[in-house]
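Undergrad: Below you'll find the structure I mean.
No value in this document is a laboratory result; all are computed from the given coordinates. The shown structure was predicted, so the numbers you read here are calculated from the model rather than taken from an experiment. Cβ sites come from the backbone with ideal geometry, for glycine too, and all protein chains shown count toward neighbours.
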């Protein structure tokens, strides 16, 4: 009687199910990341809620007029006093937004100096006022 020599079967790695799993994970993470983004929708009339609170945005406006006068919230100040005035205002409300309102006749250097004073005073939020883009 002749005995056969045992030959193990060669194993194969099936890649098609692995690719299907990877694509499933890719689609899942894409859909999950889309759910995390905030979409900016059209303005609608929202319902009122009794427990909601209004958080007003506090703005401090630094203005430089065409004649070179400096104003902080419509109060005329000297340039060297802006730092002290802003520091006291930002101490009361550290999340206030500082708005640079510089006339376009002034040089960029003056606007940058105002921004530097705001940052030196501890402003976290800084923006530059511009005219809105005209609707076409």
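Undergrad: Percent of alpha carbon pairs in the range 59-128 separated by more than 16 Å?
TA: 37
Undergrad: Just rank 61, 98, fewest to most, by other beta-carbon atoms within 10 angstrom.
TA: 61, 98
Undergrad: Could I ask something else about it? Got a sec? How would 110, 102 order by Cβ neighbour count within 10 Å, fewest to most? Present the calculation step by step, with values, prior to reporting the outcome.
TA: Details: 110 16, 102 22.
Ordered by Cβ neighbours within 10 Å, fewest first: 110, 102.
Undergrad: Next question, about the same structure. Extending each Cα 7 Å along its Cβ direction at residue 93 and residue 112, get the distance between those two points in nm, one decimal.
TA: Rounded to a tenth, the inter-label distance reads 3.0 nm.
Undergrad: Listed highest first by mean packing, meaning other Cβ atoms within 10 Å per residue, what order do 82-91, 14-23 come in? Write down the numbers at each step before the final one.
TA: Values: 82-91: 16.1, 14-23: 9.1.
Per-residue mean Cβ counts within 10 Å order the peptides as 82-91, 14-23.
Undergrad: Provide 131, 117 in ascending order of the number of other Cβ atoms located within 10 Å of each residue's Cβ, fewest first. Mind showing how you got there, number by number?
TA: On the way: 131 6, 117 21.
So the ranking, lowest neighbour count to highest, is 131, 117.
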